[in-house]
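K.L.:
After the structure tokens below, expect a handful of questions from me.
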Amino acid sequence: LEIATDLQRALHENQFAVEYQPVVDLATSRVTAVEALVRWWRGSTFVPPEQFLGAAEDTGIIVPLSEWILREACREVAAWRASSWDIGLSLNLSARQITAPRFVESVSEALAESGLPASALTLEVIEEMLVEDADDTITKLSELRALGVRLAIDDFGTGYASLAFLRQLPVDMIKIDPSFVSGLGRDETLTLLTRTIVRLGHDLGLIVVAEGIERPEQLELLREMGCTRGQGYLVARPMTARSVDSLMRTTL
Ligand code: G
Ligand code: G
Ligand code: MN
Ligand code: NA
């Protein structure tokens, strides 16, 4: 309950911020997108998302918080695109956010207000979100996809039914979980599984993103496998909007 009050106050007092982690095209090394990641600075103390997202979900504060993140990120990415930087935005969805009554409207409103084209927005979901309220979730995500929004499966390969998920939901992208990428070049099975996921994604016509790239060897192997995009500390860390501004100026 104390955390509920704290989260509510944090939202009213603008203690939340959005950071952005660049995602690069592995063939060209160009930044093609940024993933929005919520940050909570409680006074001068940083509270990691793992420590408050659960409580935000349980208390329902995730709904207004996610709406704020959505609007903020759409606005900032639209501004970067207006400077003729052709990048997309990836957003992590929460289960409760999708179930909320005005979810589809809030996404289309954020797009309209910011001027961000629907095709520049990718919504990331994890398989667990299809466990409860699966029909409602699939319906809403399909509605958004019909508007041109792209869908991604985050943490791909770790759920209990990764392949069934691909049948239930029309997706555009899979993001290979870092637990596979971490073993690239060090563990034969993980290397083979990563190669297999890349091939599977391509055979299904999907964009394949590798997450958690930390070592040059991983980057080399992913390039050799033909993986589409990469993300991780070696490529770029999550950064403030101001740092993305500087990155844009050196990129353009
Ligand atoms: O920011 P970090 O990389 O530490 O993220 C930790 C976890 O929090 C990840 O699972 C990520 O998907 C999740 N997360 C980060 N930002 C958001 C957000 O804006 N909304 C939701 N629902 N989850 C987020
Ligand atoms: O679950 P999701 O994929 O949304 O999680 C994103 C989280 O992964 C963010 O919290 C981000 O800070 C973190 N992250 C991004 N790149 C790396 C990396 O190379 N290594 C590790 N350990 N974490 C990373
Ligand atoms: Mn993600
Ligand atoms: Na992930």
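K.L.:
Suppose the filter is surrounded by 13 or more Cβ atoms within 10 Å (Cβ to Cβ) and either over 29 Å from residue 119 (Cα atoms) or among the acidic types (Asp, Glu) (or both); does residue 13 pass it?
P.N.:
On the way: surrounded by 13 or more Cβ atoms within 10 Å (Cβ to Cβ): no; either over 29 Å from residue 119 (Cα atoms) or among the acidic types (Asp, Glu) (or both): yes.
No.
K.L.:
Go through segment 25-64 and give me each residue that's within 16 Å of ligand 4 (Cβ to nearest atom) and touching a helix residue (DSSP H, G or I) at 6+ places or on another chain (Cβ under 6 Å). Before you say what the answer is, go through the steps one by one.
P.N.:
In the first step, residues of segment 25-64 are kept if they are within 16 Å of ligand 4 (Cβ to nearest atom); the result is 33-38, 48-50, 53.
Hits for segment 25-64 are 36, 38.
K.L.:
Mind counting the residues in segment 75-119 that are within 16 Å of ligand 4 (Cβ to nearest atom) and either assigned to a helix (DSSP H, G or I) or at pLDDT below 95 (or both)?
P.N.:
1
K.L.:
Could I ask something else about it? Between a residue in segment 116-139 that is among the polar types (S, T, N, Q) and any residue that is crowded, with 20+ Cβ neighbours inside 10 Å and in a helix (DSSP H, G or I), which pairs come within a Cβ distance under 7 Å, given they are 6 or more apart or on different chains?
P.N.:
Final answer for the pair search is 137/98; 137/129; 137/130.
K.L.:
Moving on. Which of the residues belonging to segment 128-158 are surrounded by 13 or more Cβ atoms within 10 Å (Cβ to Cβ), out of contact with any Pro (no Cβ under 9 Å at 6 or more places or on another chain) and farther than 18 Å from residue 100 by Cα?
P.N.:
Passing the criteria: 147, 149, 150, 152, 153, 154, 156, 157, 158.
K.L.:
Hey, another quick one. Across segment 52-67, what is the total count of residues that are surrounded by fewer than 16 Cβ atoms within 10 Å (Cβ to Cβ), part of a helix (DSSP H, G or I) and of a type in the set (Gly, Ala, Ser)?
P.N.:
1
K.L.:
Moving on. I want to confirm something. Restricting to segment 120-153 and keeping residues that are closer than 19 Å to residue 201 by Cβ and part of a helix (DSSP H, G or I), which single residue is farthest from ligand 4 (Cβ to nearest atom)?
P.N.:
My answer is 145.
K.L.:
Just wondering, is there one or more residues in segment 115-127 that are surrounded by 18 or more Cβ atoms within 10 Å (Cβ to Cβ), more than 17 Å from the chain's Cα centre (by Cα) and either more than 16 Å from ligand 2 (Cβ to nearest atom) or basic (Lys, Arg) (or both)? Explain how you work it out, then say what you get.
P.N.:
If we filter segment 115-127 for residues that are surrounded by 18 or more Cβ atoms within 10 Å (Cβ to Cβ), which is where we start, we get 116, 120-127.
Cutting the leftovers down to more than 17 Å from the chain's Cα centre (by Cα) gives us none.
The answer is no; no qualifying residue exists.
K.L.:
Can you name every residue in segment 206-252 that is within 16 Å of ligand 4 (Cβ to nearest atom), among the basic types (Lys, Arg) and surrounded by fewer than 18 Cβ atoms within 10 Å (Cβ to Cβ)?
P.N.:
Answer for segment 206-252, where residues must be within 16 Å of ligand 4 (Cβ to nearest atom), among the basic types (Lys, Arg) and surrounded by fewer than 18 Cβ atoms within 10 Å (Cβ to Cβ): just 237.
K.L.:
For residues in segment 79-99 being aliphatic (A, V, I, L, M) and surrounded by fewer than 19 Cβ atoms within 10 Å (Cβ to Cβ), which is nearest to residue 22 (Cα to Cα)? Working first, answer last.
P.N.:
Our first condition is that a residue be aliphatic (A, V, I, L, M); within segment 79-99, this holds for 79, 82, 87, 89, 91, 93, 95, 98.
Retained after the next criterion (residues that are surrounded by fewer than 19 Cβ atoms within 10 Å (Cβ to Cβ)): 79, 82, 95.
Numbers: 79: 16, 82: 18, 95: 24 Å.
Filtering first and then ranking leaves 79.
The values are calculated or read from the model by the stated rules, or taken from the named source; none is laboratory data. Keep in mind that what you see is a predicted model, and the values were worked out from it rather than measured. For neighbour counting, all protein chains shown are included, and Cβ atoms are generated from backbone atoms with ideal geometry for every residue, glycine included.
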